[in-house]
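The values are calculated or read from the model by the stated rules, or taken from the named source; none is laboratory data. No experiment lies behind these values; they were computed from the predicted model shown. Glycine also receives a Cβ, built like all others from the backbone with ideal geometry; neighbour counts cover every protein chain displayed. Heavy atoms of the whole protein, side chains included, go into the accessibility calculation; ligands, DNA and RNA do not. Shrake-Rupley method; radii C 1.70, N 1.55, O 1.52, S 1.80 Å.
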Amino acid sequence: MQMAGLILQAILALYIGLGGIVKVLRLPFQVEHWHQYQYPMWFLTVTGILEVLAAFGLIRGYWNRYFAIGAGIIIIVLMIGAIYTHLFKVNQPLTMAIPAAICLVLAVVVIIRNLK
């Protein structure tokens, strides 16, 4: 069970980190999405930086659980925002919010396993 938690933490770090890099680099498809969401471009950069920091926190969390807990909290806040944006702000189908929902659940799992 311990190994499964570590693997889930690594998967979440990779996924969130890559998403953050895409935002910080302002890749064209992400900029297009952001325009659709009607959020300012500075918020794209801030969100990307927070995602990259959360990914580093998850990795650092292997040695200090408080980093993993903090990163998990950041991810939960970001994923609630992502789910809200997909479902309510731009009225996309439920399937568009599934990746954010999975990340939210994984972040909760990371927090719970690091609180023990």
Put Lys23, Lys116, Lys89 in order of accessible area, largest first, probe 1.4 Å, and you get Lys116, Lys89, Lys23
Of the candidates Ala71, Ala101, Val52, the farthest towards the positive dipole end of the chain (Lys/Arg Cβ +1, Asp/Glu Cβ -1, centred on the Cα centre) is Ala71
Among [x] 10.2; [y] 6.8; [z] 8.5, the entry matching mean projected area of the Cα convex hull in nm² as calculated here is [y]
In degrees, nearest 10, the alpha-carbon axis of helix 65-84 is tilted away from the dominant principal axis of the alpha carbons of the chain by 30 degrees
Descending accessible area (1.4 Å probe), largest on the left, turns Met79, Met41 into Met41, Met79
Reported to the nearest 10 Å², Val46 has, with a 1.4 Å probe, an accessible area equal to 60 Å²
Within region 1-24, the residues whose backbone N lies under 20 Å from a label point placed 7 Å from the Cα of Tyr62 along the Cα-to-Cβ direction are 1-21
Taking protein heavy atoms only, a 1.4 Å probe, and rounding to whole percent, the accessible area of the chain owed to carbon and sulfur comes out at 77 percent
Expressed in angstrom and rounded, the centroid-to-centroid distance over alpha carbons for region 46-113 and region 1-32 is 9 Å
Rounded to whole Å², per residue accessible area for the chain with a 1.4 Å probe reads 60 Å²
Calculated from DSSP helices alone, with each H run of at least 4 adding -39500 (n - 2.57) and the total divided by the residues of the chain, [θ]222 nm to the nearest 500 comes to -26500 deg cm²/dmol
